[in-house]
Amino acid sequence: LGAGRATWYGVLLCSIFAIFPLIAPNYYTLMAALFFFGATNGLTDIAMNTLVTEVEKKDGQNFMSAAHGFFSLGGVLAGLGSFLIGPLGNPALHMLGVIFVVFLINLRYRKYYVDVTAPPMEKEGFSLKLFRPLFLLGIVSFIVMGGEGAVVDWSGLYLKEISKAPEFLIGAGFLAFSVTMTLGRFLGDGISTRIGSVKIVALGSLIAILGYLCVLQTGTYIALLGFAFIGLGFSVIIPELFRIGGNIKGVDSAQGVAFIAGTGYSGFLMAPPVLGYVGEQFSLKTTFAILLAGGVVVLLSTFLLRKREKNKG
C-alpha cells in the first residue's frame, strides 16, 4: 500500500472500529470489537512510524521524537477530554465526537502524506547478520516499554504503599512521568541531531537509571522526582529505536518498525502483571529494583549499538 496510504486506511479503520466496543450488546461482541480496534490501532501505529521514517529520509530532517511528543500530548488531551463524558452522559456520543475531530484533521492533511512510499530497495537475503541488530533493538524496546507499562500500572500503588504519600498525591507519579515524557519528546529531535541516535538512547537510559534510584529512596517527593526522571529518560528512547530500526541496511523500514513495535508492545503488556506478581510475593521495591536492572541493560546495549555503528562506518 505504501506508508502514506496505509496510514490513511489505518486512521479510517481505527475511526470505524473505535465506536463498536462502546455499543457492543454482549461480552462476545465486545471481545470481537476490541480485537478489531486493537488490530487497526496496531496497523496505524506501525504505518505512521514508517511514514515518519520515510519522510525523515526524504527531507533530511529529524522529527520522529516530536511525532511521539504529539502522541503523548494526545494522551494528555484524551485525559482532559474524559471530563466531558459525565456531562454528555453518553460514552458512545463522546467517542463519536473524538472520531469526528480525528477524521476531519486527517481529511484536511492527508494530501501531504497519502502518496508517500518507500523507494525501491535492493534487499539482502534475511540472515542472522541482519537479525542481530534488530534483535538487540527489540530487547531494548521490550525493556523500555515494559518499564513504561510498570510505571503506568504501579506508580500509584508504590506511592501509596511504599512512600506512604497523601491521597491527593497518589496519581502524581504518573502525571510527572507523562508531563516529562511529552516535554522530552518535543526536545529530543534537536538533541538527536547534535549527538546521534545511539548517544541519545544512552543518555535517556542514564536519566531513567537516576529516576529509578530516586524512586527506590521511597520518600514521597524524591519518588515523584524519580518518576519525572524516568519519563524524561524514556521519552527519547522509543522514537530513536524506530528511527534506527527503519534505517538498517537491507531491512525494509516497515519490517524494522514492526519488529520494534511488536517487541515493545509485548513488554508493555507482559511486564506489569509479571512485575505485579513479583511485587505481591516480595515488595514493590523489588519490582522497581528489577526495572533499575533493566535500565542498566539498556545502557550496556548502547555500547554494542555504538560498536556496530563504528564497524558499519
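Assess whether Ala33 counts as being at pLDDT 95 or above, of a type in the set (A, V, I, L, M) and surrounded by 15 or more Cβ atoms within 10 Å (Cβ to Cβ). Spell out the reasoning first.
Details: at pLDDT 95 or above: yes; of a type in the set (A, V, I, L, M): yes; surrounded by 15 or more Cβ atoms within 10 Å (Cβ to Cβ): yes.
Criteria met by Ala33.
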*Given the conditions (1) surrounded by fewer than 23 Cβ atoms within 10 Å (Cβ to Cβ); (2) part of a helix (DSSP H, G or I), which single one is not true for Thr218?*
(2)
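Suppose we filter region 81-129 for residues that are of a type in the set (Asp, Glu) and at pLDDT below 85; how many remain? Steps first, please.
Here is the first cut: in region 81-129, the ones of a type in the set (Asp, Glu) are 115, 122, 124.
Filter again for at pLDDT below 85, leaving 122, 124.
The total comes to 2.
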*Could you list, in sequence order, the residues of region 98-121 that are in contact with a helix residue (DSSP H, G or I) (Cβ under 8 Å, 6 or more places away or on another chain) and under 29 Å from Pro25 (Cβ atoms)?*
Val98, Ile99, Val102, Phe103
_For region 158-185, which positions are among the aromatic types (Phe, Trp, Tyr) and either buried (at least 17 other Cβ atoms within 10 Å of the Cβ) or outside the structural domain of Thr302 (by TED's automatic domain parsing) (or both)?_
Tyr158, Phe174, Phe177
_Residues of region 21-36 satisfying the condition of being in a helix (DSSP H, G or I) and either of a type in the set (S, T, N, Q) or within 23 Å of Tyr113 (Cα to Cα) (or both)_ = Thr29
*Residues that are more than 30 Å from Leu1 (Cβ to Cβ) and free of Cβ contacts under 8 Å to residues at least 12 places away in the same chain, drawn from region 255-302*: Pro273, Val274, Tyr277, Glu280, Gln281, Phe282, Thr286, Ala293, Leu300
*State the number of residues belonging to region 58-73 that are assigned to a helix (DSSP H, G or I) and either in the same structural domain as Asp189 (by TED's automatic domain parsing) or surrounded by 13 or more Cβ atoms within 10 Å (Cβ to Cβ) (or both).*
10
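Does Ser155 qualify as being within 22 Å of Gly276 (Cα to Cα), outside any helix (DSSP H, G or I), in the same structural domain as Arg308 (by TED's automatic domain parsing) and not charged (D, E, K, R)?
Working: within 22 Å of Gly276 (Cα to Cα): yes; outside any helix (DSSP H, G or I): no; in the same structural domain as Arg308 (by TED's automatic domain parsing): yes; not charged (D, E, K, R): yes.
Criteria not met by Ser155.
The values are calculated or read from the model by the stated rules, or taken from the named source; none is laboratory data. Being a predicted model, the structure only gives us computed values, none of them experimental. Cβ atoms come from the backbone with ideal geometry, glycine included; neighbour counts cover every protein chain shown.
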